[in-house]
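Structure, as structure tokens:
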Amino acid sequence: MNTIRIKSQILCCLFTIFLIVPINTFAQDNELIGRQELIDDARQMLSLLENVHPQPYFAGGGKIAFHQRFQNLLKAIPNNGMTREGFRGLLSPFFALVGDGHTHVYPDSPFNFSGLPLLFYVVEKDLYVAGVIEKEHKNLFGARLLSVEGIQFSEIVRRTQQYYSADNIYGTLAVLGNFEHLLTKRTVLEDIIPEWKDNALINVSFLLPDGNTKKVQFEAKTRPNWELIRPDLNIELPLLEGREFGWGFIGANKDVAYLQVRGMIENRETYEKRATYSDVSEDARVYYKSIYGKETNEPIDKVIAALPSLTETYTDLIVQMKKSGANTLIIDLRTNTGGWAFPSDMLIYFLYGKEALIKLHQRTNIAIRKLSPYYLNDYPDESLDNINNSLINGKPRTFSLTEYDYDFRDYEKMENGKLTSAYAKQIVEDDLALSKTFYNEYTKGTHSNYYIPAKVMVVTNVATFSAGFMFAKSLEIMGATVVGSTSSQNVIQMGETVSYELNNSKLGGSISRSFLVHDTDLLNSPDQKNTLIPHYELTYEKLKEYKFSRHAEILYIQDIISSEN
């Protein structure tokens, strides 16, 4: 245990978005790591997967097939060793066959457009050019990818499914586009398109917006200094000013409020919660500096108290909406890749009230957790003694759970397919009580169910993931209208990850430790879709109509509102 760096990330997406947070590369990336060292790393990875993940064998054909693939992986390590990047390419397909978008090895290539000098986004089940770094390629705005080096897009997607972890087809598209922008990275292109022989040039075919095809030859070179060029926005939205969340009115009439929540980590309430069981001093001070532009030596409780607050933001939002009589609230969750669930539960409280929040939790976020040492070490309050001494429906357990057992408490506290109201209330309030800022509001109930506009519209894209997905799904259950693209996460999936770093190669990644059901109605009605499908999908034709603006979904909502008035 002392050789493994593990840190819990509750309901947190650990995909890396290189446009925002580039990962540092290692000087030794081109140096060979010895074969035995890599074998040791591979065995460390195997141990983590089998000990942490609730179900690592299911998607890949069972335990025997799993171990056969692992031994084939060991055989593939050359006698003279491999580079760090080469070893990553060996591990990634192994993770992919676990079939879990939260369980993977991180891509670590720098975002330097060493592959294709284009930014791709997902629309429907295609990739289109959403940005360029060279002015001569602006004529490719909106062009859909047809092939690379003669390999058709459908085949590129199939190969990517074998190389990179995902819950569904949208997750595969997301790592090619919005999430990881894999096609911009030379090493990835070399992995998924081995037919590419001339590594200096790369040939790409596109379907242009006018229906014509176009072939373009790009230089495959590192571009350390680049500036992204995007189509015109065609709409002005409130700015976040370096924060993860913020709101404002759209238009002069103040009848439409726009709330953006890009992440669910950097807010006062989440820091208050995290501080109850871990040291957040360094993270909180870094965030403080990013907001105020200066460092502080104040005690950590004062630092946290000065951080931007969701409670204050949401209170201002609903008070101002009620005052203006706004009839529409747009909640933009595009590229919200997760964090902690606080922002979602808090907004449900302000809009729909305490009782609605508890009722919601009766059917969402049901978990089966594997009681590995990594889970138990992260949560001292969740010791085996405490778990075994807890009552199940008012009765003591008839047997004791041991390390590596599975905790079915949530399922055992269900009636008629849902958690009991008392248990859901306990879960909600125990969690919310970890933030003194919000819990003070919650106990008073001052703004519970304060104002619900006639229309609540939620905006999603394929990068709405993990806790961001849960946020969108919760609002949909409450009756909100979803606009945009299908999320890359499934309703029933794995999550609640721990992160890891391998001892020798220093490769990092994440592994799920829980099986999660985000809507028990799906268990009771198997014909329902296991994805969050928008009520209004942003199709390619709609995107084209809005001139490929990256805020096309908001323009679409404005048209939906106009058509309904």
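Read the figures in this text as sums done on the coordinates, not as results from a lab. Computed from a predicted structure; not experimentally measured. All Cβ positions, even for glycine, are placed from backbone atoms using ideal geometry, and neighbour counts span all protein chains on display.
Structure above, values below:
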item: Unit charges at the beta carbon, dipole of the chain: most positive-side option, 361, 92, 414; result: 92
item: Percent RCO, i.e. relative contact order, over segment 118-219, from Cα pairs under 8 Å lying at least 6 residues apart; result: 28
item: Net charge of neighbours whose Cβ lies under 12 Å from the Cβ of residue 254, counting Lys and Arg as +1 and Asp and Glu as -1; result: +1
item: Compactness index (Cα Rg / 2.2 N^0.38 Å), segment 291-354; result: 1.41
item: Longest DSSP-loop-exposure-free segment, trypsin sites (Lys or Arg not before Pro), the chain, at most 10 other Cβ within 10 Å; result: 295-528
item: Coil-residue chymotrypsin sites (Phe, Trp or Tyr not before Pro) of segment 118-192, DSSP, other Cβ within 10 Å capped at 15; result: none
item: Segment 364-399 and segment 472-516: distance between their alpha carbon centers, rounded to Å; result: 22
item: Contact order normalised by residue count of segment 338-444, Cα under 8 Å, 6+ apart, percent; result: 31
item: Ratio of Rg to Rh over segment 423-565 (Cα coordinates, Kirkwood Rh, two decimals); result: 1.04
item: Relative contact order (percent, whole number), the chain, Cα cutoff 8 Å, 6+ residue spacing; result: 20
item: Charge dipole (debye, nearest 20) of segment 86-243; +1 at Cβ of Lys and Arg, -1 at Cβ of Asp and Glu; result: 220
item: Unit charges at the beta carbon, dipole of segment 421-565: most positive-side option, 563, 426, 442; result: 442
item: Long-range amide H partners of residue 330 with built H, under 5 Å; result: 257, 258, 259, 457
item: Stokes-Einstein D in µm²/s, Kirkwood radius over Cα pairs - segment 54-161 at 37 °C with 0.692 mPa s viscosity; result: 196
item: The chain: calculated mean residue ellipticity at 222 nm from DSSP helix runs of at least 4, using -39500 (n - 2.57); result: -10000 deg cm²/dmol
item: Ratio of Rg to Rh over the chain (Cα coordinates, Kirkwood Rh, two decimals); result: 0.96
item: Amide H within-cut-off set for residue 509, under 5 Å, with H built and near neighbours excluded; result: 106, 500
item: Cα gyration tensor shape for segment 118-219, rounded if a/c is under 1.5, else prolate or oblate; result: oblate
